[in-house]
Amino acid sequence: MVSWWDLKGRGVHDYGADNNNTVTAPEEIAKDHENKGSLLPDGQLRVHFIDVGQGDAILIQTPEKNVLIDGGERGSTAVNYIQSQGITGLDLVIGTHPHSDHIGGLINVLQLLPVGEIIDPGVVHTTKTFENYLTLIDKKDIKFTVGRTGLKRDLGGGAVMQILHPSSPSSARLNDASIVARVVFGSVSFLFTGDAESAAETEILNSGCDLTGTILKVGHHGSRKATTRAFLNAVKPEIAVIMCGRDNTYGYPHKETLGRLGKAGADVYRTDKEGTIVITTDGVGYTVKQNRNPTGE
Ligand SMILES: [Zn+2]
C-alpha cells in the first residue's frame, strides 16, 4: 500500500481546518527556487488548459506565481508545454487524485522543474505510477500538504485559490476524492473539478460555499456521472472546458453532459477538438484562445 504517510514529515498535518484563514507567505511557498522564469504582467491571470490527450493538465499564471493542476498521463507533454512558456519553476502543484491520467505526467514535471509545494488529497492508491510520484516528492523534499475543504492559497496579483473539496475522501472512490479548487480574480472565477462526480458535487452543494464559476473545468472529462443540473445551476458557467482525448475509448464527453451544458447556456470548449485552450483575464473580462491542432492530428 502506498500512502502519503510514507512521506516523512514536512507539512503532512497541514489540514485545511488549521489553515482556514491563512495565506502562505510567498517566501515560504517559493522556498527552493529563485528563478521561476516567465511571469505575467500586473493585472492579468492566464489559465492554460493543456491538450495532453485523454487527461487533465492545467497551468495557471499570475504576475507572481506559476501553478499546475495535474500533469496528464506519464510522459513529457505537460512539462514540454510548461517549458515552452518560458517557465522554469512552479510555486504550487496540485495532484487532484491518484489516477495516472492526472498525476502520471507530474513525474516528469517534478523531475525537471523545482516545485515549492504539492497539494494532494492524501488518499491511498497502489499503482506503480502513484508510488513513483510519492517517492519523487519524498526524494526532492517538496513541501506536501493534504488538501482539505477550506484550505487557501494566495496566488499573487490579487488571485486567491480556495479548496472546496474533499473534506473526508475515500480511497474506494478516487474520482470523488478529487481536489476541487476555486480561483477568484476580480469578478472572474474559475472552478477546477478534477474527476469529481455527482456524489462530490452534492457534498459541495450541501456545504453552502460560493460555487459560482465564470469558467468551469468540466468534471471527469465530460462523463455523464458528473456535471449534474443542480451543480450547473449553482456554478452558472459562461464557459465550460472539457479536457478529453481525441476519439477516446470512454466516449467522453457524453452527450448527456453536453446537453446539460447547452441548457445551462455555457459556451463549450474541448481539448479534443480545439487543442490547448488559453483563457486570459484582467479580472473583468476575458479572452479565449485555441492554441493549435489537438493531439493526434
Ligand atoms: Zn481522469
**OP:** Could you identify the single residue in Pro63, Pro114, Pro121 that is in contact with a Leu (Cβ under 8 Å, 6 or more places away or on another chain) and modelled with pLDDT of 95 or more?
**Re:** Pro114
Original post:
Can you tell me which residues in region 206-239 are within 16 Å of the ligand (Cβ to nearest atom) and in a loop (DSSP other than H, G, I, E, B)?
Top reply: Val218, Ser223, Arg224, Lys225, Ala226, Thr227
Original post:
Listed residues Ser167, Ser198; which is within 19 Å of the chain's Cα centre (by Cα), closer than 21 Å to Ala240 by Cα and among the polar types (S, T, N, Q)?
Top reply: Ser198
Original post:
Any idea which of (1) within 18 Å of the chain's Cα centre (by Cα); (2) under 30 Å from Asp282 (Cβ atoms) is the one Gly158 doesn't satisfy?
Top reply: (1)
**OP:** Starting from region 92-111, keep only residues that are touching a residue at least 24 places away in the same chain (Cβ under 8 Å), then list their pairs with residues that are more than 12 Å from the ligand (Cβ to nearest atom) and basic (Lys, Arg) whose Cβ atoms are within a distance under 6 Å, requiring at least 6 positions of separation or different chains.
**Re:** Gly104/Arg74
Subject >> Which listed residue is among the polar types (S, T, N, Q), more than 18 Å from the chain's Cα centre (by Cα) and within 20 Å of Arg270 (Cα to Cα), from Thr228, Thr193 >> reply: Thr228
Original post:
Taking region 39-80 as the search range and keeping residues that are more than 16 Å from the ligand (Cβ to nearest atom), touching a residue at least 40 places away in the same chain (Cβ under 8 Å) and within 16 Å of the chain's Cα centre (by Cα), which one is nearest to Arg246 (Cα to Cα)?
Top reply: His48
Original post:
Among the numbered criteria (1) more than 15 Å from Gly147 (Cβ to Cβ); (2) more than 16 Å from the ligand (Cβ to nearest atom); (3) of a type outside the set (A, V, I, L, M); (4) buried (at least 18 other Cβ atoms within 10 Å of the Cβ), which single criterion is violated by Glu203?
Top reply: (1)
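The values are calculated or read from the model by the stated rules, or taken from the named source; none is laboratory data. Just so we're clear, the structure is a prediction, and the values are computed from it rather than from any experiment. Cβ: placed from backbone, ideal geometry, glycine included. Neighbour counts: every protein chain shown.
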